[in-house]
Amino acid sequence: MTAETCAVIGHRGFKAKYTENTLSGFLKCFQTGAMSFETDVWTTKDHVLVISHDVNTNRIFCDENGRETSYNILETDYEVLRTLRTIESGEPLLRFTDLLQWFVAYVNENDAAGERKMMLDLKAANPPVLLKLLIQDMLSVHSELAWWFPRIQLGVWYLRFIKYLNQDPELQQLFLETQPYQGYTHFELIHISFNWKSSIIFAAYNEYLERAHAHLFKFKTTGVSLIYTNTWSTKFVKYFMPTVKQQAWSLYTWTSNTKPQLTYFCKVCQFDDVRAYGVITDHPDTMVELCDDVIAAVSPPKATFFQRLTSYIVGAVIRCPRVDDGCFDSYVEPLQMRPVKMTLGRKIFAYLQQMGIF
């Protein structure tokens, strides 16, 4: 097996060695040989898209004088955020257009084969109109919409974002008028989740689209991205992998930083002949090298007792989120935000992420 078959995706760029979600981190990620990086998008109060993992600026950003900040991005105009800098490296809070301009320049100079990608984590608290803003920004940087299809993957946490794509008349018209490109009719749409069980409704929605609304352009889920411990359960392999195959989904896992994590996941995907798969990692340099050492799967992968126990414990602590998107025809309010409360469990998880465990 090689890095060409298992995609290596830098988590927030190159999080282990460089400040997260910065142009320097994204560049260093690509320089390791990784073909993609994952990053996070928010909209400001006045609908300017910016790059940040947290909705609050206090962990990563200070003001131009080095003082602590505590702005809620969703509730703050961009003009207030414009001068913020990263605490560690002094780099600016990026607009999405800044990232796109850098990406296009990099691709034009270094990627004649068109292999480089960006995976966007569209944070769940955002309003669905974020999707329209994303596309507007893309078109402002490169006017050929289809050029972006193989290069940008959109990760969503809730079905309401995909329902919005299928409901908005302007987006419908735009995509109906856009010709397919390299086999893509739209961006890859990836469900991000802590639990594979919550992805089942996305498969059901795909089937629903096949049966209804023949006149619509159909935006369908094309992949799933799961926390790595969730792939360690016997039920995942037995009950969910058939859905992945039936839907022809791609499959990704996060945040994978060790060889055992990589080996097990690759064997699962190889054995079930997954269309495309990859690991999101804090260490893209290490993972690119390790991919060359993973031996092709010749038998069904078996999780160790430790892996199964870990999967059970994490699954018990991090519950599958309540699904309220069961009515596929229900209207999605474009401007509705869904603030996420910072519970003790979320704080613990965020701390463990900073430690490189998740």
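Quick note: the coordinates plus some simple rules give every number you see, no bench work behind them. Bear in mind the structure is a predicted one, so any value in this text is a computation, not a measurement. Heads up, the Cβs are rebuilt from the backbone with ideal geometry, glycines too, and the neighbour counts pull from every protein chain shown.
Relative to the Cα centre, the charge distribution of the range 6-354, modelled as +1 at Lys and Arg Cβ and -1 at Asp and Glu Cβ, gives a dipole magnitude of about 1400 debye.
Here's the picture: charge each Lys and Arg Cβ at +1 and each Asp and Glu Cβ at -1 in the chain, and of 49, 203, 336 the one pushed furthest to the positive end of that dipole is 203. The dipole here belongs to the range 1-50: it is taken about the Cα centre, uses +1 on the Cβ of Lys and Arg and -1 on the Cβ of Asp and Glu, and is about 180 debye. The shape of the range 81-157 comes out oblate: with a ≥ b ≥ c from the C-alpha gyration tensor, a/c is at least 1.5 while a/b does not beat b/c. Residues of the range 179-209 with amide nitrogen under 13 Å from the 7 Å Cα-to-Cβ point of residue 239? Counting only backbone N, you get 195-201. Applying 1/(1 + (r/R0)^6) with R0 = 25 Å to the Cβ-Cβ distance of residue 213 and residue 146 gives a FRET efficiency near 0.65. Expressed to the nearest 5 percent, the antiparallel share of DSSP beta bridges inside the chain is 20 percent.
Ranking 133, 185, 16 by Cα position along the charge dipole of the chain, where only Lys, Arg, Asp and Glu carry charges on their C-beta atoms, puts 16 farthest toward the positive end. Net charge in the neighbourhood of residue 83 (other residues with Cβ under 15 Å of its Cβ; Lys, Arg +1, Asp, Glu -1) is -3. Find the centroid of the Cα atoms in the range 10-41 and in the range 186-201, then give the distance between the two in whole Å. Result: 23 Å between the Cα centres.
Classify the range 6-354 as rounded, prolate or oblate from the Cα gyration tensor: take a ≥ b ≥ c as the square roots of its eigenvalues, call it rounded if a/c is under 1.5, otherwise prolate when a/b beats b/c and oblate if not.
Details: a/c = 1.32, a/b = 1.11, b/c = 1.19.
Judged from the Cα gyration tensor, the range 6-354 comes out rounded (a/c under 1.5).
Shown in residue order for the range 223-228 are the 3J(HN,Hα) couplings computed by the Karplus curve 6.51 cos²θ - 1.76 cosθ + 1.60 at θ = phi - 60°: x, 9, 10, 10, 4, 4 Hz (x for Gly and Pro).
Estimated purely from DSSP H runs of n ≥ 4, each contributing -39500 (n - 2.57), the mean residue ellipticity at 222 nm for the chain is -10000 deg cm²/dmol once divided by its residues.
Averaging Cα coordinates gives a centre for the range 252-286 and one for the range 142-181; these two points are 27 Å apart. Annotation: extensible slack from residue 125 through residue 110 equals 1.9 nm (criterion: 0.36 nm per residue apart, minus Cα-Cα distance).
For a test of the definition: using alpha carbon positions, the gyration tensor, and the 1.5 limit on a/c, classify the range 70-109 as rounded, prolate or oblate. Walk me through the numbers on the way to the answer.
Numbers: a/c = 3.55, a/b = 1.81, b/c = 1.96.
Judged from the Cα gyration tensor, the range 70-109 comes out oblate (a/c at least 1.5, b/c at or above a/b).
Modelled spin labels at residue 204 and residue 80, positioned 7 Å past Cα toward Cβ, are 4.0 nm from each other. For the range 329-338, 3J(HN,Hα) computed residue by residue from phi via the Karplus equation (6.51, -1.76, 1.60; θ = phi - 60°) reads 8, 5, 6, 9, 6, x, 9, 6, 9, 10 Hz, glycine and proline entered as x. If you filter the range 13-116 for GluC sites (Glu not before Pro), then keep DSSP loop positions with at most 16 other Cβ within 10 Å, what is left? Hits after loop and neighbour filter: 64, 88, 115. Taking 0.36 nm per residue of sequence separation and removing the Cα-Cα distance, the residue 64/residue 89 pair yields an extension gain of 7.8 nm.
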